């Protein structure tokens with residue numbers, strides 16, 4: 001029964017029997033292009049392979065995914081595009097363990113991605129939310145309800161992103177972004193662990209920091225330390241480096257994007273050329 | 001792009017744009033019938049309403065869901081049926097916050113449910129797995145990947161169900177069931193909390209215990225305590241009370257379903273008449 005229409009299983013499109021829908025039994029990636037070039041494709045494919053392996057989805061060859069991504073990107077002809085794709089374990093009538101003959105499902109979407117110049121110029125405001133996520137956030141899975149709850153809460157407060165805080169008061173990361181603080185000229189970020197997504201953008205931001213001579217401190221920090229920071233910023237594929245100027249109502253620095261953040265954004269942009 | 005077929009968004013069935021698929025942004029229920037009567041419909045509908053409210057899916061009236069469930073049950077004419085249904089926040093191109101005009105999607109499946117007499121007569125064997133789930137397991141959401149990982153691990157070990165163990169060594173519940181121990185004639189079970197699903201079957205098992213004069217102890221217990229228990233059992237909608245005769249390779253009691261478990265199963269059956 002789909003809404004109020006009744007039909008036999010055989011007539012259902014396989015999307016209605018997708019284990020991605022019933023269980024979130026799949027993993028995904030989001031990529032972008034800058035001016036006609038896909039950014040960090042190999043890094044995303046490598047992470048995707050790790051996610052697939054972590055939840056033991058087999059029968060998917062990265063060598064088959066790569067030409068699908070590049071092929072559709074060429075065909076679409078969108079210079080600045082957002083590319084999303086996922087693989088789920090397959091379709092079958094709902095059954096937790098999963099049948100033996102499951103064939104993974106592949107879904108990819110591509111659309112234009114306008115540059116968010118307003119956010120980059122003025123900075124964004126963020127609010128905190130408890131980190132309710134599971135214990136394997138290093139796997140980029142389709143189980144994103146806690147992230148959705150967080151970002152919807154932020155939106156209600158007029159905020160652009162939710163920053164997740166664990167039981168001990170430490171910031172883990174944004175609901176859909178990596179989160180950084182600048183303190184005394186040092187770039188602070190949570191260390192990678194099972195509760196942190198190994199963000200591709202995070203990696204490039206750290207590289208940018210090294211290139212401009214900023215020391216990187218990979219250590220957990222609290223909301224109090226974030227409020228007291230000189231600058232805050234997030235990193236996310238679709239918008240790269242975005243300054244954060246307000247955190248839970250507290251103005252950060254002088255309320256404008258800081259010099260280190262701007263320098264990181266500028267350095268980051270070089271990677272994309 | 002669905003597998004290798006490319007099409008515009010407009011031609012996609014809405015199932016491919018379901019927030020249930022991208023985020024697990026939905027909640028579900030599983031019910032059963034015994035001999036032509038749906039069991040505990042109101043209890044399931046009440047829990048479903050709680051789940052919807054917890055993730056703030058609005059625009060769904062339980063008064064509209066009830067006749068869909070009873071209507072399809074009558075139409076299907078399956079005396080012993082399993083009924084699954086879920087509601088997701090709606091379909092749209094992937095967007096975390098969700099658009100304002102989202103219309104929730106409803107999906108229901110019904111099929112025959114043969115009685116698992118073998119499991120009930122001989123008991124099942126179970127293995128443990130870390131409880132990797134999120135912090136709101138009291139919401140019956142579509143984010144079930146950690147449950148899937150657990151039950152797939154159990155299946156690899158030749159086990160029927162995975163029993164989840166938290167960081168401190170305490171058992172929370174089964175990957176798809178409530179878990180109980182009998183010690184000195186007392187029925188032990190984890191207390192309801194944010195890390196436990198308020199299982200309908202659990203409620204009826206506790207009621208059955210009261211009816212046969214068993215004391216109920218709602219307190220966390222460890223894997224060591226489970227192994228040392230006189231009897232172990234699980235409770236799950238699709239199979240009600242099932243004895244557990246082996247736990248992580250350790251034989252429980254004399255390796256046969258115990259007298260308290262059998263008494264609980266017998267008492268439970270009365271509720272279903």
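The values are calculated or read from the model by the stated rules, or taken from the named source; none is laboratory data. The structure displayed is predicted, hence computed values, not measured ones. Every residue, glycine as well, gets a Cβ built from its backbone with ideal geometry; the counts of neighbours run over all protein chains shown.
Observations on the structure shown:
- Filtering B:164, B:233, B:197 for residues that are over 26 Å from residue B:269 (Cα atoms), in contact (Cβ under 8 Å) with a residue 24 or more places away in the chain and surrounded by 15 or more Cβ atoms within 10 Å (Cβ to Cβ) leaves a single hit, B:164.
- Residue count, segment B:20-51 (criterion: farther than 24 Å from residue A:26 by Cβ and within 19 Å of the chain's Cα centre (by Cα)): 17
- Every residue from segment A:19-41 that is more than 12 Å from every other protein chain (Cβ to nearest Cβ), touching a strand residue (DSSP E or B) at 6+ places or on another chain (Cβ under 8 Å) and either free of Cβ contacts under 8 Å to residues at least 24 places away in the same chain or in a loop (DSSP other than H, G, I, E, B) (or both): A:39, A:40
- Count - residues of segment A:156-186 that are in a loop (DSSP other than H, G, I, E, B) and within 27 Å of residue A:212 (Cβ to Cβ): 5
- Count of segment A:137-155 residues which are in contact with a strand residue (DSSP E or B) (Cβ under 7 Å, 6 or more places away or on another chain) and either outside any loop (DSSP other than H, G, I, E, B) or within 10 Å of another protein chain (Cβ to nearest Cβ) (or both): 8
- Applying the condition of being surrounded by fewer than 18 Cβ atoms within 10 Å (Cβ to Cβ) and within 11 Å of another protein chain (Cβ to nearest Cβ) to segment A:56-83 and asking which residue is nearest to residue A:113 (Cα to Cα) yields A:76.
- Any chance residue B:17 is under 16 Å from the mean Cα position of the chain (by Cα) and modelled with pLDDT of 95 or more: no
For every residue, the table says whether it meets (1) in contact with a strand residue (DSSP E or B) (Cβ under 7 Å, 6 or more places away or on another chain); (2) under 19 Å from residue B:166 (Cβ atoms).
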site	(1), (2)
B:212	no, no
B:218	yes, yes
B:221	yes, yes
B:249	no, no
B:258	yes, no
B:268	yes, no
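- Residue A:215 meets the conditions (1) in contact with a helix residue (DSSP H, G or I) (Cβ under 6 Å, 6 or more places away or on another chain); (2) surrounded by fewer than 16 Cβ atoms within 10 Å (Cβ to Cβ) in every case but one. The failed one is (1).
- Of all the listed residues (A:159, A:188), the sole one being within 16 Å of residue A:241 (Cα to Cα) and surrounded by fewer than 23 Cβ atoms within 10 Å (Cβ to Cβ) is A:188.
- Pairs, first touching a residue at least 60 places away in the same chain (Cβ under 8 Å) and within 14 Å of chain A (Cβ to nearest Cβ) in segment B:171-188, second surrounded by fewer than 24 Cβ atoms within 10 Å (Cβ to Cβ) and assigned to a loop (DSSP other than H, G, I, E, B), C-beta under 6 Å, six or more apart: B:176/A:96
- Test: residue in segment B:42-51 that is on the phi < 0 side of the Ramachandran plot, facing chain A (nearest Cβ under 9 Å) and surrounded by 15 or more Cβ atoms within 10 Å (Cβ to Cβ): no
- Some residue of segment B:59-72 being farther than 25 Å from residue B:102 by Cβ, in a helix (DSSP H, G or I) and under 17 Å from the mean Cα position of the chain (by Cα): no
- In the set B:128, B:88, only one residue is crowded, with 17+ Cβ neighbours inside 10 Å and within 28 Å of residue A:148 (Cβ to Cβ); that residue is B:88.
- Members of segment A:97-119 that are more than 27 Å from residue A:235 (Cβ to Cβ) and either more than 12 Å from every other protein chain (Cβ to nearest Cβ) or at pLDDT below 95 (or both): A:97, A:98, A:99, A:100, A:101
- For segment B:11-18, the condition holds for at least one residue, the condition being that it is in contact with a strand residue (DSSP E or B) (Cβ under 6 Å, 6 or more places away or on another chain), within 16 Å of residue B:98 (Cα to Cα) and in a helix (DSSP H, G or I).
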